[in-house]
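Worksheet: the structure to be examined is printed underneath.
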Amino acid sequence: MMQLLTKKDLLSLEQYAENRDQIRADAIATKLLRNVYLGEHINFMFENLETVKYQIQEMLRIEKIFEPSEIQDELDVYTPLIPDGHNLKATMMIQYDDVEQRKEALANMIGIEKKIYFQVKGADKVYPICNEDLDRETDDKTSSVHFVRFEFTSAMVKDFINGSEVVFGSEHPAYQMEMILTSAQQKTLSKDFDL
């Protein structure tokens, strides 16, 4: 069951400022465990309650938001990124340092977000539901950032948690890639599931 964040779960701007160094260090450590690179150029930040809470606190700090209605607006934007027990949710980032190379890649990778998959050993591939907030590509290129949600069956969740091999890959013609999640990655992402 997705844990909803509410205003009472957040620190005031002053409290956050006083504790930010430690909160930031904890958030970075959490994010490192939840970052999964699919090849050299696509990074997935698998979100959870802690990463989303940190993102909201940072937005409130940067924008100096303290009005209750504006805080609720931020909660409404970011809370849907928290997994709800039978799925994994991620921010997918296509990353190229060279600007021209990035432009070419984004033009060649239209639709890539729909070609990413998980496959728990012995089960069908699970493709994501993508960009539920808005369309993130044009006829000429895809966006460098996508929001993806992978929905798993109960049997897949059980096998995922119990350590069955999990393959993560891309079938897009411009970016064909496949990897097996490490045991550390699998253990970390397993915490997003409820049995």
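The values are calculated or read from the model by the stated rules, or taken from the named source; none is laboratory data. Just so it is clear, the model here is predicted, and its values are computed rather than measured. Note that we place each Cβ from the backbone using ideal geometry, even for glycine, and neighbour counts take in every protein chain shown.
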*So Ala29 fits all but one of (1) free of Cβ contacts under 8 Å to residues at least 24 places away in the same chain; (2) surrounded by fewer than 15 Cβ atoms within 10 Å (Cβ to Cβ); (3) more than 30 Å from Val166 (Cβ to Cβ); what number is the exception?*
(3)
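Okay, residues lined up against (1) exposed (fewer than 14 other Cβ atoms within 10 Å of the Cβ); (2) hydroxyl-bearing (Ser, Thr, Tyr); (3) touching a strand residue (DSSP E or B) at 6+ places or on another chain (Cβ under 8 Å); (4) in a helix (DSSP H, G or I):
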{"position": "Glu40", "(1), (2), (3), (4)": "yes, no, no, no"}
{"position": "Tyr54", "(1), (2), (3), (4)": "no, yes, no, yes"}
{"position": "Gln57", "(1), (2), (3), (4)": "no, no, no, yes"}
{"position": "Ile65", "(1), (2), (3), (4)": "no, no, no, no"}
{"position": "Ser69", "(1), (2), (3), (4)": "yes, yes, no, yes"}
*Please specify each residue of the range 71-98 satisfying the condition of being in a loop (DSSP other than H, G, I, E, B) and over 14 Å from the mean Cα position of the chain (by Cα).*
His86, Gln95, Tyr96, Asp97, Asp98
_Scan of the range 30-50 for residues that are at pLDDT 95 or above, closer than 18 Å to Ser190 by Cβ and β-branched (Val, Ile, Thr), ordered by number_ = Val36
*Can you tell which of Gln72, Gln95 is touching a residue at least 12 places away in the same chain (Cβ under 8 Å), over 23 Å from Ile112 (Cα atoms) and of a type outside the set (Phe, Trp, Tyr)?*
Gln72
*Mind counting the residues in the range 56-80 that are in contact with a Leu (Cβ under 8 Å, 6 or more places away or on another chain) and closer than 22 Å to Leu189 by Cβ?*
3
